[in-house]
Amino acid sequence: MSVVALSGLSQAKLLDWYDANQRPLPWRETDDPWAILLSEILLQQTQVSRGIVFWHRMIEAFPTIQSMATSPVDSVLKAWEGAGYYSRARRLHALSQYVMLPSSEGGYDGLLPQSYESLLSLPGIGPYTAAAVASIAFRQPSACIDGNIRRVMARQQKKLEPTNRQVQSWADQHLVHQRSGDWNQALMELGATVCTPQKPQCQHCPIESSCQGREGPTAYPKAKKTKVKEVTLWTCVEFDSRGNPIVHQRDKDGLFGGLWGPQINEGDVPEAIHEQVFAGVVKHKLSHRSMTVHVFISTKTSTKLALPLSEVATSVLDQKIIEAIKGTDYFSSKSVTE
Ligand code: SF4
């Protein structure tokens, strides 16, 4: 392996460290591009510990691209239930169907394409995922950048606010072409386990000697302020005669798109709703939204029959709402079962 010491960074030391210290993640034990793609899509917005649980669940339910492409999108959403950011599941389903198309119709005959550019053209695949899959699954020389790599780069280079272009350029320059997948993962692993946001362990860092920011690492990069919007919502859940809550499938383009749940309304709680049974207040946080939901149970029994919740995909917020309802005396006295 040829290594270069750009900025003094020792690629050999980092790769040796990765070989000895990488976490035993299940997708690191397979060469199957589909399994690797699934892990990358999940890890986009899910922590590794939870990602492992969902990765096993998805691989069991959809072991191949074909198995997902021939399944209804609702069963993909059901398997994804609890992982959050459900548009990822819908796009993954669209991707599987696209890849299964014959090449004469613009598809890939059931095989994931190998190049960065082709991967980038698939539904739900952005620059990070395209580079990660191209390098890890297909050994293509593509350098990826994510939050971990940005932090390592900012500290190595003592940069307060590196732009994406600067981070990409740094990653491109340092990419070890012969082991591109391992190199990308080594940088990310370092950021996730050693060069962490709050407590970097510089004394255990294999590339400390080239780090310009090691005297005060937490200053780099400058923290970005995330604006979190506070939202007040309310819902009044109706039950059918069998004790199932009435749920609707949400519009696929909105929040929790394609998932099922009770009608949730934005805005202050209307006065008239207080005639119904108050079940409590549920709090739920997304990356840019902090939601407070006032939950009521309708005293009217619906004449329609609802689908049991076990048969449809629901969000964590909807599950919290149902839990709040189940905790009420009213629910117990009505012997409502779900
Ligand atoms: S020396 Fe410290 S700040 Fe620099 S890359 Fe290593 S862990 Fe991060």
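The C-beta contact set for the stretch 255-269 (first residue closer than 22 Å to S287 by Cβ, second residue in a loop (DSSP other than H, G, I, E, B) and among the charged types (D, E, K, R), distance under 7 angstrom, 6+ apart or interchain) comprises F256/R250; G257/R250; G257/D251; G258/R250; G258/K252; L259/R250; G261/R250.
Examine the stretch 310-330 for a residue that is of a type in the set (S, T, Y), open to solvent by 20 Å² or more (accessible area, probe 1.4 Å) and without any contact (Cβ under 8 Å) to a residue 60 or more places away in the chain, and state whether such a residue exists. Give the derivation first.
The initial filter retains those residues of the stretch 310-330 that are of a type in the set (S, T, Y), namely 310, 314-315, 328, 330.
Adding the requirement that they be open to solvent by 20 Å² or more (accessible area, probe 1.4 Å) leaves 310, 330.
So of that shortlist, the ones also without any contact (Cβ under 8 Å) to a residue 60 or more places away in the chain come out as 310, 330.
Taking every residue of the stretch 310-330 in turn, at least one turns out to be of a type in the set (S, T, Y), open to solvent by 20 Å² or more (accessible area, probe 1.4 Å) and without any contact (Cβ under 8 Å) to a residue 60 or more places away in the chain.
Among the residues of the stretch 217-242, just one is basic (K, R) and within 16 Å of the ligand (Cβ to nearest atom), namely K222. Looking only at residues of the stretch 223-247 that are in contact with a strand residue (DSSP E or B) (Cβ under 7 Å, 6 or more places away or on another chain) and loosely packed, with under 12 Cβ neighbours inside 10 Å, we find that the one that is modelled with the lowest pLDDT is S241. Could you go through the stretch 46-62 and let me know if any residue there is exposed (fewer than 15 other Cβ atoms within 10 Å of the Cβ), under 13 Å from the mean Cα position of the chain (by Cα) and not in a helix (DSSP H, G or I). Checked the stretch 46-62: at least one residue is exposed (fewer than 15 other Cβ atoms within 10 Å of the Cβ), under 13 Å from the mean Cα position of the chain (by Cα) and not in a helix (DSSP H, G or I). Residue pairs whose Cβ atoms lie under 8 Å apart, sitting 6 or more positions apart in sequence or on different chains, and linking a residue in the stretch 235-253 that is free of Cβ contacts under 8 Å to residues at least 40 places away in the same chain to a partner that is assigned to a strand (DSSP E or B), are H248/W260; H248/G261; R250/W260; R250/G261.
Can you spot a residue in the stretch 18-36 that is at pLDDT below 95 and open to solvent by 40 Å² or more (accessible area, probe 1.4 Å)? No, the conditions are met nowhere in the stretch 18-36. Of note, R151 satisfies the criterion of being at negative phi, in contact (Cβ under 8 Å) with a residue 60 or more places away in the chain and touching a Pro at 6+ places or on another chain (Cβ under 9 Å). Suppose the filter is of a type in the set (G, A, S) and part of a helix (DSSP H, G or I); does G181 pass it? Here the answer is yes, as G181 does meet what is asked.
Among the listed residues R250, R214, identify the single one that is away from the ligand (no atom under 16 Å from the Cβ) and open to solvent by 20 Å² or more (accessible area, probe 1.4 Å). Let's see the steps before the verdict.
Numbers: R214 fails: away from the ligand (no atom under 16 Å from the Cβ).
Sole residue among the options that is away from the ligand (no atom under 16 Å from the Cβ) and open to solvent by 20 Å² or more (accessible area, probe 1.4 Å): R250.
Scan the stretch 148-175 for residues that are surrounded by 15 or more Cβ atoms within 10 Å (Cβ to Cβ) and either part of a loop (DSSP other than H, G, I, E, B) or not polar (S, T, N, Q) (or both) and the total you get is 15. Is it the case that some residue within the stretch 88-96 is open to solvent by 60 Å² or more (accessible area, probe 1.4 Å) and either not in a helix (DSSP H, G or I) or not assigned by TED's automatic domain parsing to the domain that holds D172 (or both)? No, the stretch 88-96 contains no residue that is open to solvent by 60 Å² or more (accessible area, probe 1.4 Å) and either not in a helix (DSSP H, G or I) or not assigned by TED's automatic domain parsing to the domain that holds D172 (or both). Annotation: L77 fulfils all but one of (1) open to solvent by 10 Å² or more (accessible area, probe 1.4 Å); (2) modelled with pLDDT of 95 or more; the unmet one is (1). In the stretch 249-264, the count of residues that are in a loop (DSSP other than H, G, I, E, B) and more than 27 Å from W80 (Cβ to Cβ) is zero. Of everything in the stretch 186-211 that is closer than 24 Å to S142 by Cα and more than 28 Å from the chain's Cα centre (by Cα), the residue that is nearest to the ligand (Cβ to nearest atom) is C211.
For the stretch 118-139, the count of residues that are within 16 Å of the ligand (Cβ to nearest atom), part of a loop (DSSP other than H, G, I, E, B), in the same structural domain as S87 (by TED's automatic domain parsing) and buried (at least 16 other Cβ atoms within 10 Å of the Cβ) is zero.
The values are calculated or read from the model by the stated rules, or taken from the named source; none is laboratory data. On a predicted model such as this, the values are computed, not experimentally measured, just so you know. Cβ atoms come from the backbone with ideal geometry, glycine included; neighbour counts cover every protein chain shown. What goes into the accessible areas is simple: the full protein's heavy atoms, side chains included, and nothing from ligands, DNA or RNA. Shrake-Rupley method; radii C 1.70, N 1.55, O 1.52, S 1.80 Å.
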